[in-house]
1. Show the residue pairs meeting these rules: Cβ distance below 7 Å; 6+ apart or different chains; first residue within segment 212-230 and over 14 Å from LEU188 (Cα atoms); second residue loosely packed, with under 10 Cβ neighbours inside 10 Å.
2. Which condition from (1) farther than 27 Å from GLU150 by Cα; (2) assigned to a strand (DSSP E or B) is the one that PHE239 breaks?
3. Name every residue in segment 309-342 that is under 16 Å from GLY294 (Cβ atoms), surrounded by fewer than 19 Cβ atoms within 10 Å (Cβ to Cβ), within 27 Å of the chain's Cα centre (by Cα) and among the hydrophobic types (A, V, I, L, M, F, W, C), in order of residue number.
4. Tell me, which residue of segment 428-454 that is charged (D, E, K, R) and assigned to a loop (DSSP other than H, G, I, E, B) is nearest to LEU146 (Cα to Cα)?
5. Quick check on my filter: what residues within segment 73-100 are of a type in the set (Lys, Arg) and part of a helix (DSSP H, G or I)?
6. Enumerate the helices (runs of 4 or more DSSP H) found wholly within segment 337-427, keeping only those where 1 or more residues are closer than 30 Å to ASN452 by Cα and not acidic (Asp, Glu).
7. When you go through (1) buried (at least 20 other Cβ atoms within 10 Å of the Cβ); (2) closer than 29 Å to VAL203 by Cα; (3) within 16 Å of the ligand (Cβ to nearest atom) one by one for PRO134, which number turns out not to apply?
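The values are calculated or read from the model by the stated rules, or taken from the named source; none is laboratory data. Since the model is a prediction, treat every value here as computed from it, not as a measurement. Note that each Cβ is placed from the backbone with ideal geometry, even for glycine, and that neighbours are counted across all protein chains shown.
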Amino acid sequence: MAPVLLVLLLFISSSSAAGKHEDPTRKTMEEFSGFQSPANPFVSDSSNSLFVDIESLQRQIDELSTFSDTPAPTVTRILFSDKDVLARKYIKSIMCQLGLSVREDAVGNIFARWEGYEAELPAVATGSHIDAIPYSGKYDGVVGVLGALEAISVLKRSGFQPKRSLEVILFTSEEPTRFGISCLGSRLLVGSEQLSEGLKEAVDGQNTSFLDAARSAGYAEDQEDNLFSSVFLKKGHYFAFLELHIEQGPILEEEGVSIGIVTAIAAPASIKVDFEGGGGHAGAVLMPARNDAGLAAAELALAVERHVLASGSVDSVGTIGILELHPGAVNSIPSKSHLEIDTRDIDEERRNKIVSGIHQSAVEIAERRRVKLSSFKIVNQDPPASSDELVINAMEMVSQKLNLTHKLMISRAYHDSLFMARISRMGMIFIPCFKGFSHKPEEYASPVDIANGVKVLALTLAKLSLE
Ligand SMILES: [Zn+2]
């Protein structure tokens, strides 16, 4: 007990910045874990290396990208496909090599645990996803899984002993590609009754049920009624959850900042809207007689933009990503239109106000244009999440210790962390990515940036483990 406290106090109180000639990671780890450096700090001792083995990590990232249904440099890895199953095996083999104990739940969330010396305390967890939307890149999610395993390696090599256990989680299906449900694994973990029921009926585009798909991948084998709710974790199960992720935006790269410390995650509301009008011949029906479902959709699209801008906050965004017209012929007045709207904010009340504004506009436009608002469906309306002070402070302190430039920022994309925040303290570490590209093959994060992220993750995990 006492030596640990001493080390922790040293870590917290030590204000001398690492000298120019020393590796700050090494220095911090010495203070932190009690690791004794060789007499000459410039002589590296591989058996005690405190360094991120970025070559090995990059090799793993490259190898994982080969488990893909589309050719390199694209990556396509869909939930429970053969390639996804192979990729999961690959990750589990690394977890086992690290001596972690591996557990999998009914929907394929994978947990790798490094037992702490006070194992009865709630663990500190980290992780992300490895599924990839069609024709995307190899870093999204992957950096937070393989990088987390490398962070565990760094700590193990340093001789660090965790007090609270450390866990690496691979979440099932962060991307909604196959079953239309985003963050499926983390959403279920944190106790979504609605999802636990919905999964029983869920089918993919080929009409394969979620249950059959999961079984073909070796999961969900029990027959019990509570198959999916067995996945739930209680609030407080984890002391803290951290996720390392590429930024997926351009800010860190543009500003030349190494580490983004996420203070809040914006959450989307998704809305599906259908209008129905009379249709008719594009020449024969005169303008006053029309009730054009296409123009109603166009008008609603502009109303979405107006409501979002009216919030006055840069954090409010709205997108009409799908707009379909029926019958879709140049000489036919659209008789049906279908829109899908995504609006996000870090302020739930503000976002919900936008959603109700969009609804009012849809009703008003339908009435004025004499079309029918046949459906206005809020598909999901997740609350945004804030990072925890304790976790933010730990990430900031570690970044300072490592002499890494860092800034507080908001995550405008959402992640498994959004859901983990419902049962645990949460924090996210962002690293720069090339031009902010993501979800396409040009996605890239440099080895230096990845290594920096892993260092911050490793030391933050270590610090929180000792809390
Ligand atoms: Zn991701």
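1. From segment 212-230, the pairs are ARG215/GLU221.
2. (1)
3. Within segment 309-342, ILE322, LEU323 meet the criteria.
4. GLU443
5. LYS83, ARG88, LYS89, LYS92
6. Because the criterion is at least 1 residues that are closer than 30 Å to ASN452 by Cα and not acidic (Asp, Glu), the helices (runs of 4 or more DSSP H) in segment 337-427 that meet it are 389-401, 416-420.
7. Looking at each condition in turn, PRO134 falls short on (1).
Per-residue answers, yes or no, for (1) modelled with pLDDT of 95 or more; (2) crowded, with 18+ Cβ neighbours inside 10 Å; (3) closer than 30 Å to ALA462 by Cα:
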| site | (1), (2), (3) |
| --- | --- |
| SER128 | yes, yes, yes |
| TYR139 | yes, yes, yes |
| SER153 | yes, yes, yes |
| THR177 | no, yes, no |
| ILE181 | no, yes, no |
| LEU189 | yes, yes, yes |
| LYS200 | no, no, no |
| ARG215 | yes, no, no |
| ALA220 | no, yes, no |
